[in-house]
Amino acid sequence: MSGRESTEPSLEGWREAYAATPKRTGELHTTISGLESEPLATPETVEVDYDSDLGYPGQFPYTRGVYPSMYRGRLWTMRQFAGFGTAEETNERFRYLLEHGQTGLSTAFDMPTLMGYDSDHPRSLGEVGREGVAIDSLNDMQTLFAGIPLGEVSTSMTINSPAAMMLAFYACVGERQGVARDKLRGTIQTDILKEYIAQKEFIFPPEPSMRLVTDMVEWCAKEMPLWHPISISGYHIREAGSTAAQELAFTLANGFTYIEWALERGLDIDDFAPRLSFFFNAHLDFFEEIGKYRAARRIWARELRDRYGARDPKSLLMRFHTQTAGVSLTAQQPEVNIVRTTIEALAAVLGGTQSLHTNSYDEALALPTEDAVRIALRTQQVIAHETGVVNQIDPLGGSYYVEYMTNEMERQAYAYFEQIDALGGVVEAIKQNFFQREIADAAFRYQTEVEQQQRVIVGVNRYQLEDDATPTILKIDPSLEGKQIARVTELKARRDNAAVAAALAELKVGAMSDANLMPLIVEAARADVTLGEMCDTLREVWGIWRETPTF
Amino acid sequence: MIRVVIAKPGLDGHDRGAKIIARALRDAGMEVIYTGLHQTPDQIVETALQEDADAVGISILSGAHMTLVPRILDGLKAQGLEDVLVVVGGTIPEDDAAELRELGVAAVFTPGAHTSEIVEFLREKCAPVA
């Protein structure tokens with residue numbers, strides 16, 4: 001063998017050498033989503049046309065980022081999701097987070113609020129303030145934001161079925177603080193489609209729910225132009241057990257569905273598309289996640305331009321919030337979760353996120369303590385200020401593997417779009433349990449792989465500790481439920497109940513017509529009508545949704 | 001055949017765990033009745049009665065377990081179903097788990113539990129008396 005031959009690059013030679021080498025066995029080599037790929041990506045693995053597939057940051061197709069300067073211009077918003085007990089406790093946590101350098105607020109509501117029940121409803125028993133903050137009325141919302149000038153913060157509210165009521169409460173708090181609606185900045189989740197698909201916090205059947213969402217989109221376009229009326233969310237789809245590609249595909253398909261309803265309403269695409277935002281999961285399989293974010297931007301830009309005829313470049317930008325994967329956290333050796341969260345957060349940053357929530361290490365056990373939340377926030381601050389990754393835009397762009405993964409995510413997403421179309425669209429596919437089945441299958445496959453030790457989870461199925469001590473966890477004071485019930489009972493006694501009845505009667509008439517319900521909901525909020533009362537009125541007109549249980 | 005009701009009480013819609021357990025128990029040869037979401041304690045007791053259940057598996061991640069689980073236990077007792085084995089799964093802090101076991105819950109399975117462990121437990125506890 002001559003010296004020249006041995007230094008000649010040879011893909012074939014590598015393939016043979018690779019094949020001849022013994023491999024580790026036992027653990028799967030596929031991604032966490034089950035995706036197979038070659039052990040090495042080369043120029044032959046992936047075909048990229050630089051200009052049309054990647055382009056430049058802030059330019060079509062936005063694969064490399066939505067802004068020209070990305071984190072050299074401005075860091076992502078560090079936004080920790082918080083909420084528990086009554087509005088007073090959460091207000092305190094909000095102020096704590098702002099004092100520690102958080103740059104936006106994010107509100108978690110309790111289950112009764114999310115399901116449209118007042119705290120004094122029998123179905124709310126035991127659930128008030130447990131998983132988030134209880135908000136029954138404008139009164140509570142005012143307490144929640146006491147001392148926080150709404151003109152100066154951006155607020156995110158994670159609520160879906162009763163999003164319209166919560167938006168009305170927020171607008172009214174602004175009004176009382178003297179901040180005009182068109183100065184309010186923030187996001188409300190409102191993504192009802194993923195509720196039917198994954199998170200299951202639905203109240204009404206899909207069609208009236210979609211009408212209410214479209215009312216909000218239309219109203220915000222006119223009244224709250226800085227507000228994001230929907231955050232189209234893959235997060236919960238992933239948490240329910242989907243693969244990365246399912247998260248991507250189902251989320252985008254939901255996004256297209258909101259667009260189609262708004263266009264049907266007669267809105268111009270460029271009047272609302274710039275205010276649509278997204279919310280993705282950051283799971284542990286690093287490159288798969290980065291490919292997912294990059295593919296998401298490219299698909300959204302292409303479809304908005306080519307399918308929906310958007311002309312305003314802002315309509316083409318997929319801006320997204322990311323949260324690290326709650327489902328990847330372990331109750332065993334919980335400190336190790338700090339490491340998991342760090343890796344996930346890094347994937348989100350390298351994927352070009354606009355805002356980020358890092359989970360706290362104790363969240364497989366309970367809602368996080370203040371100390372745990374601070375470490376989670378510090379994790380973001382270390383990534384932002386100490387690692388240097390913010391100095392380079394899309395630093396993994398051009399990596400053969402990352403480009404391959406981006407293309408693969410995109411390919412799988414389009415395959416799902418075809419399947420969904422064939423079923424008659426997202427709403428029909430929901431009714432046929434399509435998404436629910438796909439997700440349950442993926443979740444079961446993953447669980448089986450873990451139980452067969454084909455996937456190792458540190459501290460759970462390998463490297464266990466005999467004496468695995470539980471850290472101190474946050475306890476929700478059970479007396480808060482009684483306190484909140486007293487607040488709402490007292491409100492119901494002291495307000496002008498004739499005005500309440502009148503506002504509800506108008507809302508009922510509105511719900512039976514095709515009028516935009518937002519002005520009626522704002523009026524009801526001003527009259528101290530509670531969230532549960534408004535939802536009950538709509539339940540009477542629209543009925544409730546029940547899914548067919550399958551497993 | 002062991003008959004198991006898998007139940008989701010309260011308002012919480014997180015059903016990933018419930019569905020995985022339901023499927024694993026079915027694959028292990030048990031008869032599984034999944035209630036679906038948003039069940040009240042009374043509805044769960046009624047299902048256990050109607051379905052002649054050997055066991056009820058309660059999946060809960062909302063933090064409302066200390067309110068809802070005792071009500072289910074009381075309801076089962078009131079119907080004369082104290083022989084029905086009750087197991088709970090979810091994010092249950094250890095102190096609460098201990099209290100639930102004291103109240104009559106046979107086992108509490110928390111994040112990281114294997115489905116095979118749950119299958120074995122039910123097989124052992126629900127075995128027909130020889």
- Item | Accessible-area ranking of A:K475, A:K492, largest first, probe 1.4 Å | A:K475, A:K492
- Message: If amide hydrogens are placed 1.01 Å from N in the peptide plane, which non-local residues have theirs closer than 5 Å to the one on A:M157?
- Response: A:T107, A:T187, A:I188, A:Q189
- Message: Quick check: the distance between the Cα centres of the stretch A:306-335 and the stretch B:86-130, to the nearest angstrom?
- Response: 36 Å
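Quick one: if the Förster radius is 60 Å, what FRET efficiency do A:W14 and A:D268 give, using the C-beta to C-beta distance and rounding to 0.05? Please report the intermediate quantities before stating the final value.
On the way: r = 54 Å, r/R0 = 0.90.
FRET efficiency, A:W14 to A:D268: 0.65.
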- Message: Using the Karplus curve 6.51 cos²θ - 1.76 cosθ + 1.60 with θ = phi - 60°, what ³J(HN,Hα) values do you get for each residue of the stretch A:269-280, in whole Hz, with x for Gly and Pro?
- Response: 3, 6, 7, 10, 4, x, 9, 7, 10, 10, 9, 10
- Message: Angle check, please: helix A:163-177 long axis (alpha carbons) against the longest principal axis of chain A (alpha carbons), in degrees 0 to 90, nearest 10.
- Response: 70 degrees
- Between helix A:497-512 and chain A: long-axis angle, C-alpha atoms, 0 to 90°, nearest 10: 50 degrees
- Placing each pseudo-label 7 Å from Cα in the direction of the beta carbon, A:R185 and B:Q79 end up separated by a distance in nanometres of 5.5 nm
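According to the square roots a ≥ b ≥ c of the eigenvalues of the Cα gyration tensor, what is the shape class of the stretch A:464-551, taking rounded for a/c under 1.5, prolate for a/b larger than b/c otherwise, and oblate for the remainder?
Cα axes put the stretch A:464-551 in the oblate bin.
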- Message: Using a 10 Å cut-off around each Cβ of peptide B:62-74, what is the average number of partner chain Cβ atoms that fall inside?
- Response: 4
- Message: Can you classify the stretch B:90-130 as rounded, prolate or oblate using the Cα gyration tensor, where a ≥ b ≥ c are the square roots of its eigenvalues, rounded means a/c under 1.5, and otherwise it's prolate if a/b beats b/c and oblate if not?
- Response: oblate
- Note on the structure: Taking the alpha-carbon centre of each part, the distance from the stretch A:527-545 to the stretch A:213-259 in Å is 23 Å
- Roughly how much of B:C126 is accessible, in Å² to the nearest 10, using a 1.4 Å probe? 20 Å²
- To the nearest 10 degrees, how steep is helix A:87-99 against the longest Cα principal axis of chain A, on a 0 to 90 scale? 40 degrees
- Query: If you take the C-alpha gyration tensor of chain B, multiply each eigenvalue by 5 and take the square root, what semi-axes do you get, largest first, in whole Å?
  - Reply: 19, 17, 15
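Where the accessible area of the protein assembly as shown is counted over protein heavy atoms with a 1.4 Å probe, how much of it, in %, is carbon and sulfur? Don't skip to the answer; put the middle values down first.
Values: 13760 of 26820 Å².
Carbon and sulfur: 51 percent of the exposed surface of the protein assembly as shown.
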- Non-local amide H neighbours of A:F84 (under 5 Å, H modeled in plane, Pro and chain starts lacking H): which ones? A:T90, A:V133
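Please sort A:422-431, A:126-135 by packing, taking for each peptide the average over its residues of neighbouring beta carbons within 10 angstrom, highest first. Walk me through the numbers before you get to the answer.
On the way: A:422-431: 17.4, A:126-135: 28.5.
Ranked from most to least packed, the peptides come out as A:126-135, A:422-431.
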- Quote the accessible area belonging to A:D49 in square angstrom, nearest 10, computed with a 1.4 Å probe and with ligands, DNA and RNA left uncounted. 80 Å²
- Item | Cα convex hull volume per residue for chain A (Å³) | 165 Å³
- Non-local amide H neighbours of A:A310 (under 5 Å, H modeled in plane, Pro and chain starts lacking H): which ones? A:R305
- the protein assembly as shown, dipole about Cα centre (Lys/Arg Cβ +1, Asp/Glu Cβ -1), debye to the nearest 20: 1200 debye
- Task: Read phi for every residue in the stretch A:355-371 and hand back ³J(HN,Hα) as whole Hz from Karplus 6.51 cos²θ - 1.76 cosθ + 1.60, θ = phi - 60°, with x for Gly and Pro.
- Result: 8, 8, 10, 9, 6, 8, 5, 9, 7, 7, 10, 5, 4, x, 6, 4, 4
- Message: As a test question: what accessible area, to the nearest 10 Å², does A:S156 have when a 1.4 Å probe is rolled over all protein chains in place?
- Response: 20 Å²
- Would you mind getting me the FRET efficiency between B:D95 and A:D371? Use the beta-carbon distance for r and R0 = 22 Å, nearest 0.05. 0.70
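Relative contact order for the stretch A:179-281: what is it in percent, counting Cα pairs under 8 Å that are at least 6 residues apart?
Over the stretch A:179-281, the number comes to 35 percent.
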- Item | Alpha-carbon centroids, the stretch A:368-427 and the stretch A:465-485: separation in whole Å | 32 Å
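Select from the stretch B:47-130 those GluC sites (Glu not before Pro) which occupy a DSSP coil region and have at most 13 other Cβ atoms within 10 Å, ordered by residue number.
Working: sites: B:E51, B:E82, B:E94, B:E99, B:E102, B:E117, B:E120, B:E124; in loops: B:E51, B:E82.
Passing sites in the stretch B:47-130 are B:E82.
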- With a ≥ b ≥ c taken as the square roots of the eigenvalues of the C-alpha gyration tensor of the stretch B:23-99, please select rounded if a/c is under 1.5 and otherwise prolate if a/b is larger than b/c or oblate if it is not? oblate
- For the stretch B:97-109, in residue order, the Karplus 3J(HN,Hα) values (coefficients 6.51, -1.76, 1.60; θ = phi - 60°; whole Hz; Gly and Pro = x) are 4, 4, 5, 5, 5, 4, 6, x, 6, 6, 7, 10, 9
- Find the relative contact order for chain A and round it to a whole percent, using C-alpha pairs within less than 8 Å whose residues are 6+ positions apart. 19 percent
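At a 1.4 Å probe radius, which order do A:F444, A:F204 fall into by accessible area, largest first? Walk me through the intermediate numbers first.
Numbers: A:F444 40, A:F204 0 Å².
The ranking, largest first, comes out as A:F444, A:F204.
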- Message: Using a 10 Å cut-off around each Cβ of peptide B:4-17, what is the average number of partner chain Cβ atoms that fall inside?
- Response: 6
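The values are calculated or read from the model by the stated rules, or taken from the named source; none is laboratory data. Because the structure is a prediction, the values reported are computed rather than measured. Reconstructed Cβ throughout: ideal geometry from the backbone, glycine too, with neighbour counts over all protein chains shown. The protein model used for the area step is the full one, side chains on, heavy atoms only, and it has no ligands, DNA or RNA in it. Shrake-Rupley method; radii C 1.70, N 1.55, O 1.52, S 1.80 Å.
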